[in-house]
Structure formats: C-alpha cells, structure tokens
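Colleague: Handing you this structure, nothing more for now.
The values are calculated or read from the model by the stated rules, or taken from the named source; none is laboratory data. A quick note: this is a predicted structure, and the numbers were derived from the prediction, not measured. When we count neighbours, we look across all protein chains shown, and the Cβ atoms used for this are built from the backbone with ideal geometry, even at glycine.
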Amino acid sequence: MTANTVRIVPPAQPPQSKTSRFRQLLTDPEMAFIMEAHNGLSARIVEEVGFKGVWASGLSISAALGVRDNNEASWTQVLEVLEFMSDSTSIPILVDGDTGYGNFNNMRRLVTKLSQRGIAAVCIEDKLFPKTNSFIGRAQPLADIDEFCGKIKAGKDSQLDDDFCVIARIEALIAGWGVDEALRRGEAYHAAGADAVLIHSKIAEPDEIFAFCKEWGNRCPVVIVPTMYYATPTQQFRDHDISLVIWANHNMRAAMQAMRHISETIFHTETLADVEDTIPTVGEVFKITGNDELAAAEARYLPKRGAGYGAVVLAASRGKRLGALTDDRPKCMVDVRGQPVLRRQLSMLNGAGIRDVTIVRGYKKEAIDLVSVATVDNDRYAETGELYSLNCARKALNQPTLVSYGDILFRDYMLDALLKAEGDIVIVADALWQDREQSEAGLVRDLVVGDRAFSTDYLDDAPVSLVAAGRDVGADAATGEWVGLLKLSEAGAKAVAAELAAMEADGSLEKGDVPVLLNRLVTAGHAIRVQYITGQWLDIDDALDLARARNIV
Ligand code: SPV
Ligand code: MG
C-alpha cells in the first residue's frame, strides 16, 4: 500500500511524502511532538487536533486488543491495525516496533511491510523478544549490542523509501545500567545507521535523561517518552536539544476512563438519557469516518437510475373510504402486510438512488414517522386539493423531481421506465385501465388522452404526447388512466413551479388536482409525454383496494 491509497477519510494530502515529513519533524531544529494512537479512529483524532505525527504505541495497541504488552498480539495483527491507522490519516506514523519481533530477518520483513503500508518510521528497543513493557519489573535483560546493531542495519537495508527512519531505543536506563552504558549503546546504534536514538527512563525526574542529552550533543536526533517524568516543564526538553517528544499512551488511557464512566452510568441508570448529551453524536462518527466522501463516491461510481432526482410525495389526505383504519393515520400509513404503502414507496425511491424525498403531510401528520425524509405540511388539507399540497413543496421543485401520490403501489420496473423516458414532463398512464376492477361504483377516475393509444407493436415506440387529462375526459376518448406518478426534468420542475405560482395568483390553486395542472401546462404549450403501463399498480382508496394490495405484496 502506498501513500496514494484511498483511505477511509481522505484528508487533503500535503505534497511531501509521509516519510519525508517525518524525517523533517525529526531533524528540524524546532522540537516536535507526536501523540499516541492505537487504531484508525484515534489516529484520525490525533491528526484532527493538529499533531504532525502519530505514535503507534505497542502498549496501547495491545491494550486496545485486550492483550498484554508482551508481544501477545502477533506482528501481523499489529500490522493490520497499523494499516487502518495509516489509511485514516495523512500525517506520518512512527511505529513502536518493540524488539523487531525476532532477529534481523524478522526486522527486515517488518520494515518492508511497514514501508508498503505507508508507515513513516519504526522504533526498535534493545531488549529481548518477547519484550516486557519498560515500566514493569526491574533489570530487564538487554540485547547484545552487536546483535542489535545488525538489526538496525537490516532494517535500514530493507526500507523501500530513502526517508523511512529507523529509531534505536536505548533501554540501558530502564535496566539500571546507567548513563554511560546508554551512551555507549547510543553511539553503536548511531554508527549502525539509526536515524535517531530514543532514550527511555522510568524515573519521575528527568535528570538521567538530561545527563544523557548533555553528553550526546548533536550526534543525531534524540527522542524521549516523558510518561514517568511528566511533570517536567516542556521548555526543559527544548533546552536539552531534544528533537521529538512522544506523548505515549494518553489516548488509550483517556479512552479507558471515558468508556468506564459511560458504561458505569448506563449500567446503573438503565437509561441513555443522562449520557446522550455528553458524548459525540452519531453524526460526528459519520463525519470522522468520512461518510460524506462515500456519498460523493457513490454518486460518481454507482449507476443509479434516479441519481440527481428528488421526489415529492403527496400524502396529505385522510382517505375517508377506509373508515376506522384512518382514524389515527392517513391512508398512506395504513399497513399493507407489515409496511405502510408510503414506506414501500420510499424504499423503492431510495433503491433507485432517490434520497432527497419531501413528503407533504396533512391529516394526522404525526403518524408519518419516516426517517430520512423532509416533510412539509398542508395544514389546510381538509379544504384544499392536491395542487395546494404540491404547492406546499414548491421549494423542492428546484431539481429534477418525481411527483407521486402517497397511496399508490407500483412496480419497480415502472419507475425504471419512467426515469429512462425522455421529456421534461412525463406522466404515467395505465393503458389497460378498463380492465382494472372498479373498486367502488361511481368512483371518478382521472383519465387521460394521448395523441396515440398504447400499442403492443414491438416496433412502435414513438413518443406519446398528452392532449388532455382529468375527470371531464370521456371513456371513449381516453387512452389511459393517470396513475399518480410523474417525472419532471429541471426545466419541467421549473415550469410546474411557475404554473403553481400562477394558479396561486389567480385563485385556482386551492381546489385543483394534478390533471388540472397538466391541462394548463398543455394549453400553455408545454409538451407532456405519456408513459403507458399495462396494469400492475394500485391506488388504495377503500377496503377492497386494501384487500387487493394485501394479496399482491
Ligand atoms: C509504548 O507506548 O508502547 C512504549 C512506550 O513503548 S512505554 O510504554 O513508555 O515503554
Ligand atoms: Mg512499547
């Protein structure tokens, strides 16, 4: 994996490679700080707050995996974590490579793999595999100097990038061997090719660290981990020419505290009410993991029929003929085999890639409890008609839009055909309307007249234009029934919005239905295409429709 690999959150990539930026941090006269992280999320946070580098702590990664800092996690398991960390950040990562996971040969493979995964540097310590954390016990055995020097050389010879750094960590002070031994070892490691030395100590005062620094001079950069001498003023590190300070495990320890607190609180209170406002929202989680980028990528790469379309669903009317079923909800929310019609329609729209859905609510609006939709309300639903509802969503007509009635059920292929159909305004009409069982005697249907009737001829796919629509259309002239589904291009949506505004101005909006609007548009010279279907749809007006719908879905 290279620095150009697509990451979970792709932050803007500064021009230099991660390795050269790390080398610069290390060699810059200005002292630098890097911060511990132990997974992709914490690494991302480290970058987000402004650190210029990450310390991939062995202790923290182990603890986050629930194991001890004794090489209990295998090196490839650690590598997996590092890959997530590298992918989620653009700042360089210095990896705690423990003892190199074995001898020189293991070190070679480690460095190669780290280089391949976009890691900028590794630090290895002169102890024995399997290692023990430096703060545990006393007099930990140290590696043979020559053997350790061989490991450094092997690492340097294996790096895939000239700027990759190998840092040699001196554990002589930890083992109680004193500053002279630390200097002797540092000198050998430097001569073997280490790009920097890390001098470690576990006592609360920085004296032995500073004694080392004074003798060391500027042979190569010095790195420190002031976990135990944390109270030392940072300026003193600068005064001793330290190049890089590692804050080594504080995100992991802070996470422990936060998780313990939240778990205890929820355990004892048996509610989330006390904690919700004290923690990041899930929206923040989506943000840090880069969901926006994924949405943009989906739009770019996923072929979605309805990409770029919004939808307006008219769902304000009660549907009185359904009787008691609509006492507490509008008809679009009446259950049809476990799901209201509106939810079925919504998942069909979403499945076609139409996410921006506006629902016009009216009767029992609180019963429309769908998530991920915008709602506008027609509070005058009882005395107004469809166009008044559509006008409530006029602002949503600022893009290519599907308009549908909230109480219709149709097949996915119809949506497909509609989205493919050409034309600024395309309506769906059922050519076999006469075959449709009349649900209730005398129920008026919205018929349409196209300039051509539906044809079963394979070769006859000439476009059909709407001539007239509505209840005044006689059965003899009708070529189809308006289904309650139409498509508008951007221009079509604009034309509809303008016509709605005109109707509002001339007072005809309140009682109008969609066919009235269609007729006005035709009269004004707009071409309206008719997309014929042949049955296989339903509008739910009464108990019989509902029974039929329940049989179908
Ligand atoms: C680590 O963070 O894993 C380290 C630093 O090696 S220390 O725990 O201080 O040894
Ligand atoms: Mg460690």
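Colleague: Within segment 149-179, track down each residue that is within 20 Å of S201 (Cα to Cα), touching a helix residue (DSSP H, G or I) at 6+ places or on another chain (Cβ under 7 Å) and either more than 16 Å from ligand 1 (Cβ to nearest atom) or of a type in the set (D, E) (or both).
Modeller: Passing the criteria: only V179.
Colleague: Confirm whether L466 is closer than 15 Å to L538 by Cα, at pLDDT 95 or above and either not assigned by TED's automatic domain parsing to the domain that holds L538 or not small (G, A, S) (or both).
Modeller: Details: closer than 15 Å to L538 by Cα: no; at pLDDT 95 or above: yes; either not assigned by TED's automatic domain parsing to the domain that holds L538 or not small (G, A, S) (or both): yes.
Judged against the criteria, L466 is not a match.
Colleague: Please go through segment 21-51 and pick out each residue that is touching a strand residue (DSSP E or B) at 6+ places or on another chain (Cβ under 6 Å) and not in a helix (DSSP H, G or I).
Modeller: Hits for segment 21-51 are A32, F33, I34, M35, E36, A37, F51.
Here is a yes/no grid of residues against (1) within 12 Å of ligand 2 (Cβ to nearest atom); (2) under 30 Å from the mean Cα position of the chain (by Cα); (3) within 20 Å of S17 (Cβ to Cβ):
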{"position": "S60", "(1), (2), (3)": "yes, yes, no"}
{"position": "L65", "(1), (2), (3)": "no, yes, no"}
{"position": "S74", "(1), (2), (3)": "no, no, no"}
{"position": "V78", "(1), (2), (3)": "yes, yes, no"}
{"position": "D87", "(1), (2), (3)": "no, yes, yes"}
{"position": "G97", "(1), (2), (3)": "yes, no, yes"}
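Colleague: Which pairs have Cβ atoms under 9 Å, sit 6 or more apart or on different chains, and link a residue in segment 130-154 that is assigned to a loop (DSSP other than H, G, I, E, B) to one that is modelled with pLDDT of 95 or more and more than 16 Å from ligand 1 (Cβ to nearest atom)?
Modeller: Close Cβ pairs (under 9 Å, with a partner that is modelled with pLDDT of 95 or more and more than 16 Å from ligand 1 (Cβ to nearest atom)) amount to A139/W177; A143/K151.
Colleague: Next up: Consider F51 carefully, then state whether it is in the same structural domain as P141 (by TED's automatic domain parsing) and under 23 Å from Q159 (Cα atoms).
Modeller: no
Colleague: Okay, next question. Just to be sure, is A255 in contact (Cβ under 8 Å) with a residue 24 or more places away in the chain, away from ligand 2 (no atom under 16 Å from the Cβ), farther than 17 Å from I174 by Cβ and surrounded by 15 or more Cβ atoms within 10 Å (Cβ to Cβ)? Show your work before the answer.
Modeller: On the way: in contact (Cβ under 8 Å) with a residue 24 or more places away in the chain: yes; away from ligand 2 (no atom under 16 Å from the Cβ): yes; farther than 17 Å from I174 by Cβ: yes; surrounded by 15 or more Cβ atoms within 10 Å (Cβ to Cβ): yes.
The answer is yes for A255.
Colleague: Hey, another quick one. Considering only residues that are closer than 20 Å to C165 by Cα and either in contact with a Pro (Cβ under 7 Å, 6 or more places away or on another chain) or among the basic types (K, R) (or both), which ones fall in segment 55-100?
Modeller: S90, the sole residue that qualifies.
Colleague: Look through segment 353-374, keep the residues that are of a type in the set (D, E, K, R) and in a loop (DSSP other than H, G, I, E, B), and return whichever of them is surrounded by the most Cβ atoms within 10 Å (Cβ to Cβ).
Modeller: Of everything passing the filter in segment 353-374, R355 is surrounded by the most Cβ atoms within 10 Å (Cβ to Cβ).
Colleague: Sticking with this one: Looking at segment 113-128, is at least one residue within 18 Å of Y189 (Cα to Cα), away from ligand 2 (no atom under 16 Å from the Cβ), touching a Lys or Arg at 6+ places or on another chain (Cβ under 6 Å) and modelled with pLDDT of 95 or more?
Modeller: no
Colleague: Got a number for residues in segment 480-511 being touching a Leu at 6+ places or on another chain (Cβ under 9 Å) and crowded, with 22+ Cβ neighbours inside 10 Å?
Modeller: Matching residues across segment 480-511 total 11.
Colleague: Let me ask another. With the requirement that a residue be within 18 Å of W55 (Cα to Cα) and without any contact (Cβ under 8 Å) to a residue 40 or more places away in the chain, what does segment 214-228 give you?
Modeller: Scanning segment 214-228 gives V222, I224, V225, P226.
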